[in-house]
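The values are calculated or read from the model by the stated rules, or taken from the named source; none is laboratory data. These numbers come from a predicted model, not from an experiment. For neighbour counting, all protein chains shown are included, and Cβ atoms are generated from backbone atoms with ideal geometry for every residue, glycine included. These accessible areas exclude ligands, DNA and RNA; they are computed on the full protein's heavy atoms, side chains included. Shrake-Rupley method; radii C 1.70, N 1.55, O 1.52, S 1.80 Å.
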Amino acid sequence: MGNIRGAAQLYLKVAMLRRGALVRDAGLRIVLAILAFVSLLIALVAVDIGLFLWLSMHVQAFHAAWIVAVGHILLGAVFAIAAGMGRNLPERKALAEAEAAALAAVTTEAAGFIKGFGKFERSLESMGGTAVMALAAIMSVLGLLTGRRNSN
C-alpha cells in the first residue's frame, strides 16, 4: 500500500513539473509574440510609408499599393509558417518520459494491490460459503431435533 502511495505521489509531482514547464514556456512565447507583433507593426507602418513613397515615384500609386500588399502577404506567410513550427526541447521530452515511467509504476502498483484485494475477496467468499453451509447444517440438525421432540 505504501508503494502505491509513493508511486502516485511521484507521478503527480512529475506531471505537475511537466505541466508547469509547459505553461511557463507557453506564457513566455505569448509575451514575446505580443511584443514582437507590436514592434513589427510600428516598424511596418514606417517601412510601408517609405516604400510606398519610393515606389510611387517609379510607378503609379495604384501599382505601388499592390506591390506593398503582396510583399506583406508573402512576409505574413513566412511568419505563419515559422510560428507553426514548435520547439522540441529536451526538457519536455525528458519530463514526458519521466511522467510515462511514473504512470507505469502507479499502474503496476495498483494492479498488484487490486490483485491482492481479489485474493482476499475470494478467500472471504470461500469462508462465507463455508459459513453458510455450516449454518444450513446447524439449522437442519435443529429442525430434525425439534421435529423429533414434537413427534414424541
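The table below lists the values:
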{"read-out": "Most to least packed among 10-23, 30-43 [average Cβ atoms within 10 Å]", "value": "10-23, 30-43"}
{"read-out": "Extension gain from Ala104 to Ile49, taking 0.36 nm per residue of separation minus the Cα-Cα distance", "value": "13.8 nm"}
{"read-out": "Of (i) -0.40, -0.78, -1.02, -1.14; (ii) -0.20, -0.64, -1.08, -1.32; (iii) -0.60, -0.91, -1.10, -1.18, the label for log10 I(q)/I(0) by the Debye sum over Cα atoms at q = 0.08, 0.14, 0.18, 0.20 Å⁻¹ derived from the coordinates", "value": "(iii)"}
{"read-out": "Per-residue [θ]222 nm for the chain (sum of -39500 (n - 2.57) over DSSP H runs n ≥ 4, rounded to 500)", "value": "-35000 deg cm²/dmol"}
{"read-out": "Cβ-placed point charges (K, R +1; D, E -1), dipole of the chain about Cα centre in debye, nearest 20", "value": "820 debye"}
{"read-out": "Cβ-based charge dipole, the chain, positive-most Cα from Ile34, Ser123, Thr108", "value": "Ser123"}
{"read-out": "Aspartates and glutamates whose Cα lies under 16 Å from that of Lys13, excluding same-chain neighbours fewer than 8 positions away", "value": "Glu91, Glu97, Glu99"}
{"read-out": "Heavy-atom accessible area ranking, 1.4 Å probe, most first, across Asp25, Asp48", "value": "Asp48, Asp25"}
{"read-out": "Relative contact order (percent, whole number), the chain, Cα cutoff 8 Å, 6+ residue spacing", "value": "48 percent"}
{"read-out": "Selection from Met85, Met16, Leu135 lying farthest towards where the dipole of the chain points positive, charges on Cβ", "value": "Leu135"}
{"read-out": "Label-point gap, in nm, between Ile114 and Ala61 - each point 7 angstrom along Cα→Cβ", "value": "7.5 nm"}
{"read-out": "Cα long-axis angle, helix 2-58 against the chain (0 to 90 degrees, to the nearest 10)", "value": "20 degrees"}
{"read-out": "Inter-probe distance in nm under a simple model that places probes 7 Å from Cα toward Cβ, at Ala134 and Ala82", "value": "8.2 nm"}
{"read-out": "Cβ-Cβ FRET estimate between Arg5 and Ser123, R0 fixed at 30 Å, reported to 0.05", "value": "0.80"}
